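Below: one structure, written as structure tokens.
The values are calculated or read from the model by the stated rules, or taken from the named source; none is laboratory data. Everything quoted here is computed from the prediction, not taken from an experiment. For neighbour counting, all protein chains shown are included, and Cβ atoms are generated from backbone atoms with ideal geometry for every residue, glycine included. Areas reflect the complete protein model, heavy atoms only, side chains present, ligands, DNA and RNA absent. Shrake-Rupley method; radii C 1.70, N 1.55, O 1.52, S 1.80 Å.
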Amino acid sequence: MRVMLTSALIGVAVAGIVAAEQGPPQLSPATEELAKRFPYPVIRDLRGVIPPGPRPLPSPPLAGGPWVYSTFEQRDIKVSVVTTGLSHPWSLAFLPDGSILVTERVGRLRILRNGALDPTPVAGTPQVLSRGTMAGLMDIAPHPDFAHNKWIYISYHKPLAPGVAANSVLRGTWDGQALTDVRDVFVSDDVDTEASRIAFGADGMLYMGIGGPGTGPRVSVDRAQHTNDLAGKVLRLRDDGGVPPDNPFVGRTGYKPAIFTIGHRVQLGLALNPYTGEIWEDENGPNGGDELNVLKPGRNYGWPIVSYGRDYNGPRFPPSAPGFEEPVVFWVPSIAASGLTFYTGERFPAWKRNAFVGGMREGEVAPSGQLQRIVFNDKWEELRREPLLRDLHQRIRDVRQGPDGLLYVLTDEEPAALLRIEPILAKDTKSTKDTKVQSDRRQFRE
């Protein structure tokens, strides 16, 4: 369970190294003035939060593919490159005309038409604060009634002062070429919060994860348990950003009414489970202890009091305690869990009801990214999990099911790629396996 560093070795480890070299953070006059509004540091002092160690290894260049894998239940699958040339993408959305929108963390919205990436970014996105691996232009979700209202929602970090931003959600109208009538429907009144995911629920409400600090001084890390603070929470909002009257903490003194669940680190995956109607999320633990959780209104998921991981400097957390929700799945060592989706299509019949979770590295070692497939029984208890795509050595940021029933995967690289996973018919297996051998040899040469 709990936050960023697992998924953000590059972001936090490097930040910790830089902080150790440079001393405490230096605030601009505008940031110092803003800091007076908050009872916690608006820019954390990260000195000493991570023990010294080697800088992360870069991922190798991705060869041209395709690649073939024999999986446990679906058997042979083919993975091919749809496009390259993306810069640290965060999320993707499919539009009814077959085009694909992709957010890039630096603040660009890109579009693919007929499988080709338009070199010109989509107009209409606002200025963002992009920093490390946990801030920038984040998740994207079309409105459930997009066919009629053309609304697109994007979560992002809205700059407030140098180095300080608020997690926000914009809504824009898609006119076929650009976002128009762009406006913020939600702006957090807390800062120094991490990555965000958004998803529409079966109830039509917009759910938003706001990552809480997972490293730093206790005054910052403890915020996930503070009920008047949005750090480390999942919010439940109307599509106009308002608070639904049936939220679990509406009317309770000391609670922000948008809060749906508390006690999270950084939620890097958020998705509707279409089989149950529940919202599920995955989040990063510290050193180990990534979690996959079922969100229940008003429940507490434990960070930073309990975790199946350990502090980066070595000490363990208590794994569980009364009053805290247990994860459905957890990872030790961590895989830096990221994007999440449930498979419902017909192209992979053996994968129905499976969850797919991206991973950006395993056991604090890079480059060891992967895609994990998790199989459940009829009570949604874990039966087994299968790592996929490990030999590509790419950080996997997001995974989505396309309208064609195939799976699409974003790597979090510079440059990054959009990959497509499809089944192979028995008659096509031999020729495609020959392609795999050739592709693998080419990748090792590169």
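Look at the alpha carbon pairs under 8 Å that are at least 6 residues apart: their mean separation over the length of the range 238-362 gives a relative contact order of 22 percent. Helix-only arithmetic for the chain: the sum of -39500 (n - 2.57) across DSSP H runs with n ≥ 4, divided by the residue total, places the mean residue ellipticity at 222 nm at -2500 deg cm²/dmol. In terms of its C-alpha gyration tensor, the range 191-282 comes out oblate, because a/c is 1.5 or above while a/b does not outweigh b/c.
Once the Cα atoms of helix 429-445 and of the chain are each reduced to a long axis, what angle between those two axes, in degrees from 0 to 90 to the nearest 10, is obtained? Long axis of 429-445 versus the principal axis of the chain: about 60 degrees. Translational diffusion of the range 100-163 was estimated from the Stokes-Einstein equation, with Rh taken as the Kirkwood radius over Cα pairs; at 20 °C and 1.002 mPa s the coefficient is 167 µm²/s. Carbon and sulfur atoms: what percent of the 1.4 Å accessible area of the range 296-384 do they account for? Carbon and sulfur: 52 percent of the exposed surface of the range 296-384. Taking a ≥ b ≥ c as the square roots of the eigenvalues of the Cα gyration tensor, the range 15-149 is oblate, since a/c reaches 1.5 or more and a/b is not larger than b/c. Enter the Cα centre distance for the pair the range 346-360 and the range 123-178, rounded to the nearest angstrom. Here the answer is 27 Å between Cα centres.
Rounded to the nearest whole Hz, the Karplus-based 3J(HN,Hα) values (6.51 cos²θ - 1.76 cosθ + 1.60, θ = phi - 60°) of the range 170-185 follow the sequence 9, 10, x, 9, 8, 9, x, 10, 8, 8, 10, 6, 6, 8, 7, 9, with x at glycine and proline. Please state the shape class of the range 120-278: rounded when a/c is under 1.5, otherwise prolate if a/b exceeds b/c and oblate if not, all from the C-alpha gyration tensor. Oblate, because a/c is 1.5 or more while a/b does not exceed b/c. Highest average first, the peptides 199-207, 142-150 ordered by how many other beta carbon atoms sit within 10 Å of their residues are 199-207, 142-150. Residue-wise HN-Hα couplings along the range 132-143, as the Karplus relation 6.51 cos²θ - 1.76 cosθ + 1.60 with θ = phi - 60° gives them from phi, are x, 10, 10, 8, x, 7, 10, 8, 9, 8, x, 5 Hz; Gly and Pro carry x.
With r defined as the distance between the Cβ atoms of R55 and A147 and R0 fixed at 35 Å, what FRET efficiency is calculated, to the nearest 0.05? That pair, R55 with A147, gives E of 0.15.
3J(HN,Hα) couplings calculated from phi for the range 90-98 with the Karplus curve 6.51 cos²θ - 1.76 cosθ + 1.60 (θ = phi - 60°) are, in sequence order, 10, 7, 9, 9, 9, 9, x, 7, x Hz; Gly and Pro show x.
So how much slack lies between E278 and D118, counting 0.36 nm per residue of separation and subtracting their Cα-Cα distance, in nm?
Working: separation 160, 0.36 × 160 = 57.60 nm, distance 3.56 nm.
Value of the extension gain: 54.0 nm.
Pairs of lysines in the chain whose Cα atoms sit within less than 22 Å of one another amount to 15, provided the residues are eight or more positions apart or on different chains.
How would K233, K379, K352 line up by accessible area, probe 1.4 Å, largest first?
Descending accessible area places them as K379, K352, K233.
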